[in-house]
Amino acid sequence: MGVKRWIGRWPVYRQLTGEDPLGRGKAAQSPRSAGLAPRTESADRVVDSICPYCAVGCAQRVFVKDEQVIQIEGNPHSPISRGRLCPKGSASKQLVTGPQRVQKVRYRPPYATEWQDLDLDTAMDMVADRVLDARRRGWQDVDEAGKTLRRTMGLASLGGATLDNEENYLIKKLFTALGALQVENQARI
Ligand code: SF4
């Protein structure tokens, strides 16, 4: 290899003599890095979404290939986060694709030491039965003075940070219709 070509492999030489004086582009590239392409380039489509972790609600771009999530990045068009994600949001692809993600309904009966798998319909029926039972057992028709209450103290709702307005509206409607007083959301920072 000639001396000139050998020296030309040094990034600092290319930076000082080429068209990339700040060393942010070609001057800093090796043949290997020049041949790399971001995996986002091979995505079939990009879906706008919101980070599910906290109440900030940073906007995300979800890159999909063959109907699988291949990358999640910040959305620069968001007026809230302007393309930024914190470490949790940056790692949220693992929330979708991680091998430790639980994909089935898991149930541990009272006093049992082992978890069972349940199908979703069975689990939903069990939840509905418990809601109705708790509502009934906590029901207060009147107070000590005989004034009408018609409420239950057996139920409460605590919403998650990424519930949107419409979901919170429906949750409030549902729990108020059930007679619950404590309807809250943890979206406070
Ligand atoms: S990226 Fe971080 S700050 Fe933004 S919503 Fe997600 S967890 Fe919250």
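If you check Ile50, Ile7, which single one turns out to be more than 30 Å from Gln186 (Cβ to Cβ), surrounded by 11 or more Cβ atoms within 10 Å (Cβ to Cβ) and of a type in the set (Val, Ile, Thr)?
Ile7
In region 134-159, how many residues are assigned to a loop (DSSP other than H, G, I, E, B) and either of a type in the set (S, T, N, Q) or over 35 Å from the mean Cα position of the chain (by Cα) (or both)?
5
Just to check your reading of the model, which residue among Ala91, Ala43 is open to solvent by less than 70 Å² (accessible area, probe 1.4 Å), without any contact (Cβ under 8 Å) to a residue 12 or more places away in the chain, out of contact with any His (no Cβ under 8 Å at 6 or more places or on another chain) and small (Gly, Ala, Ser)?
Just one listed residue meets the conditions, Ala91.
If you scan region 28-62, which residues turn out to be among the hydroxyl-bearing types (Ser, Thr, Tyr), closer than 30 Å to Arg9 by Cβ and either outside any loop (DSSP other than H, G, I, E, B) or within 16 Å of the ligand (Cβ to nearest atom) (or both)?
If the condition is that a residue be among the hydroxyl-bearing types (Ser, Thr, Tyr), closer than 30 Å to Arg9 by Cβ and either outside any loop (DSSP other than H, G, I, E, B) or within 16 Å of the ligand (Cβ to nearest atom) (or both), then Ser33, Thr40, Ser42 are the ones that fit.
Do we find a residue being in a helix (DSSP H, G or I) and not β-branched (Val, Ile, Thr) anywhere in region 94-102?
Yes; the residues of region 94-102 include at least one that is in a helix (DSSP H, G or I) and not β-branched (Val, Ile, Thr).
Go through (1) in contact with a Ser or Thr (Cβ under 6 Å, 6 or more places away or on another chain); (2) within 20 Å of Leu163 (Cβ to Cβ) and name the single condition Lys88 misses.
(1)
Among the residues of region 94-109, what is the count of those that are at pLDDT 95 or above and open to solvent by 70 Å² or more (accessible area, probe 1.4 Å)?
Count: 2.
Could you check region 63-76 and list, in sequence order, the residues that are open to solvent by 70 Å² or more (accessible area, probe 1.4 Å), within 15 Å of the ligand (Cβ to nearest atom) and either over 14 Å from Thr40 (Cβ atoms) or touching a residue at least 12 places away in the same chain (Cβ under 8 Å) (or both)?
Glu73
The values are calculated or read from the model by the stated rules, or taken from the named source; none is laboratory data. Small disclaimer: the values here were computed from a predicted structure and weren't measured. When we count neighbours, we look across all protein chains shown, and the Cβ atoms used for this are built from the backbone with ideal geometry, even at glycine. Ligands, DNA and RNA are stripped out before the accessible areas are found, and what is left, the full protein with its side chains, is counted by its heavy atoms. Shrake-Rupley method; radii C 1.70, N 1.55, O 1.52, S 1.80 Å.
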